[in-house]
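Down below is the structure, laid out as structure tokens.
Quick note: the coordinates plus some simple rules give every number you see, no bench work behind them. If you're wondering where the values come from, they're calculated on a predicted model, not measured in any experiment. All Cβ positions, even for glycine, are placed from backbone atoms using ideal geometry, and neighbour counts span all protein chains on display.
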Amino acid sequence: MGAGDVKLMAGVGAIVGIEHAPIVFLGIVMTGAVMGVIMLLHSKLIKDSFQRYATMLGVGLTLKKPMYLAPNEQEQKVVLPYAIPIAVGTFLSIGLIYVKL
């Protein structure tokens, strides 16, 4: 996340307050994850990406030390501006908070 995203998150936290911030944060993270997977599916890189993460996890668990495999050039071209998941996740989370109340 860049500095603009951090400021946007601070603004969201100021608006929703400390009691709802964890729920909103979870909503933002889940929205970002879903949007990231959708972007990988759209660019047809989901298989390569999951294979890379599975390799890092498997080798890391086997050797008991972390391992990093850099993404290939095509994976590096996929960019998700995180302001979109922050906004969507915030609105969805606030909606769920107020529906429960």
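So here's what we get for this one:
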quantity	calculated
Considering residues of the stretch 76-90 that are of a type outside the set (S, T, Y) and in contact with a Gly (Cβ under 9 Å, 6 or more places away or on another chain) only, the residue farthest from T31 (Cα to Cα)	V78
Residue list for the stretch 53-101, filter: of a type in the set (F, W, Y) and out of contact with any helix residue (DSSP H, G or I) (no Cβ under 7 Å at 6 or more places or on another chain)	Y53, F91, Y98
Neighbours by Cβ (under 6 Å, 6+ apart or cross-chain): first from the stretch 19-42, at negative phi and free of Cβ contacts under 8 Å to residues at least 40 places away in the same chain; second in a helix (DSSP H, G or I) and of a type in the set (G, A, S)	A21/G13; L40/S49
Considering residues of the stretch 65-94 that are part of a loop (DSSP other than H, G, I, E, B) and not aliphatic (A, V, I, L, M) only, the residue farthest from the chain's Cα centre (by Cα)	K65
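Matching residues to (1) surrounded by 11 or more Cβ atoms within 10 Å (Cβ to Cβ); (2) in a helix (DSSP H, G or I); (3) aromatic (F, W, Y):
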| residue | (1), (2), (3) |
| --- | --- |
| M9 | yes, yes, no |
| I23 | yes, yes, no |
| G27 | yes, yes, no |
| G32 | yes, yes, no |
| M35 | yes, yes, no |
| L40 | yes, yes, no |
| K44 | no, no, no |
| K47 | no, yes, no |
